[in-house]
Amino acid sequence: MGESMRMIDVEKLISYSDDVVEVLKDKRDINNLTQCFQHFNDLRSHCDADSNEVHRLLREYEEKIEACKKKTEQAKLEAADGAEMEYLQKEYQEELEKERGLEEELR
């Protein structure tokens with residue numbers, strides 16, 4: 001039974017091959033096939049170029065994002081330093097006022 005199935009498959013293969021040979025006998029079909037192949041290669045080349053450009057732009061934007069993150073962190077640190085300076089300035093003013101008060105008491 002397996003042998004008969006294999007024989008049918010071989011017959012289908014031979015029939016398909018004969019059809020392909022008949023199609024390729026026509027010169028226009030070969031030219032069309034060649035033209036399609038050329039278009040395929042052109043399209044693949046354009047797609048590769050576009051893909052490379054997209055990857056380049058992606059890396060460029062990732063670098064810009066990293067630079068922005070660093071600038072943001074630096075600004076946060078500077079803002080924290082500014083807040084700390086305000087706190088120290090306020091504390092200094094309070095100490096000055098206490099000192100003046102003590103000087104007034106001593107007089």
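Here are a few things to note about the model shown:
- Partners of K98 within straight-line reach, counting lysines whose Cα lies under 23 Å from its Cα and excluding those fewer than 8 residues away in the same chain: K90.
- Computed from backbone phi with θ = phi - 60° and the Karplus coefficients 6.51, -1.76 and 1.60, the 3J(HN,Hα) list for segment 56-67 is 5, 5, 4, 4, 4, 5, 4, 5, 5, 5, 4, 4 Hz; x is used for glycine and proline.
- Where labels lie 7 Å past Cα in the beta-carbon direction, separation of Q74 and Q89 in nm: 2.3
- Gyration tensor (Cα) of the chain, equivalent ellipsoid semi-axes in angstrom: 89, 21, 5
- FRET E, pair I14, F40, Förster distance 30 Å, beta-carbon r, rounded to 0.05: 0.55
- Ranking S51, Y87, N41 by how far each Cα lies toward the positive end of the dipole of the chain (charges on Cβ) leaves N41 at the top.
- For segment 2-106, a simple Cβ point-charge model (Lys and Arg +1, Asp and Glu -1, everything else neutral) yields a dipole of about 1200 debye relative to the Cα centre.
- Computed from Cα atoms, the angle from the helix 2-25 axis to the main principal axis of the chain rounds to 90 degrees.
The numbers here are math on the coordinates, done by the rules we state, and not lab data. Quantities reported herein were computed from a predicted structural model and do not represent experimental measurements. Here Cβ is always computed from backbone atoms with ideal geometry, including for glycine, and neighbour counts include all displayed protein chains.
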